[in-house]
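See below for the structure under consideration.
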Amino acid sequence: MRYVGILLGMALAGCASSPTAEEIAASDDYRCQDYGYSRGTEGYAQCRMQIDQQRAQARAAMAAAYLGAGGGQVRRTPQQAYQLPTPK
């Protein structure tokens, strides 16, 4: 029973930490409007594109750091060579 509570807590914590696409879009919208850009203008579109590019660069950097630290490597033990049985 104790493990069920721990697993449930971990699952809820994982859900709470990831913003939805709608929340991200709303945050980006607020940010660009806070900079003074109005929806539908070229400046607003550029602002949103720049935010998307920054987010993509951050994801790429995190992925590179993860893979560089050995996070994406599968560690395998060397296999012994298979020897055919010798005929008698």
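Which net charge results for the neighbourhood of Arg39, defined as the other residues with beta-carbon distances under 12 angstrom from its beta-carbon, given Lys and Arg at +1 and Asp and Glu at -1?
Working: positive: Arg48; negative: Asp28, Asp29, Glu42.
Value of the local net charge: -2.
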**OP:** Enumerate the calculated ³J(HN,Hα) couplings along region 23-40 in order (Karplus 6.51 cos²θ - 1.76 cosθ + 1.60, θ = phi - 60°), each rounded to whole Hz, writing x wherever the residue is Gly or Pro.
**Re:** 5, 5, 4, 5, 5, 5, 4, 4, 4, 5, 5, 5, 6, x, 8, 9, 3, x
**OP:** Specify which residue in the list Met49, Leu67, Ser38 is farthest towards the positive end of the charge dipole of region 20-67, using unit charges on the beta carbon of Lys, Arg (+1) and Asp, Glu (-1), about the Cα centre.
**Re:** Leu67
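What net charge do the residues around Glu22 carry, taking every other residue with its C-beta under 12 Å from that of Glu22, with Lys and Arg at +1 and Asp and Glu at -1?
Values: positive: none; negative: Glu23, Asp28, Asp29.
Every neighbour counted, the sum reads -3.
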**OP:** Would you kindly calculate the translational diffusion coefficient of region 20-67, applying Stokes-Einstein with the Kirkwood radius from alpha carbon pairs, for 10 °C and a viscosity of 1.306 mPa s, and quote it in µm² s⁻¹ without decimals?
**Re:** 137 µm²/s
Original post:
Could you give me the ³J(HN,Hα) list for region 58-63, computed from phi with Karplus coefficients 6.51, -1.76, 1.60 and θ = phi - 60°, whole Hz, x at Gly and Pro?
Top reply: 5, 4, 5, 5, 5, 5
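Here, each number is a calculation from the coordinates, and none is a lab measurement. Everything numeric in this text was worked out from a predicted model, so none of it was measured. Heads up, the Cβs are rebuilt from the backbone with ideal geometry, glycines too, and the neighbour counts pull from every protein chain shown.
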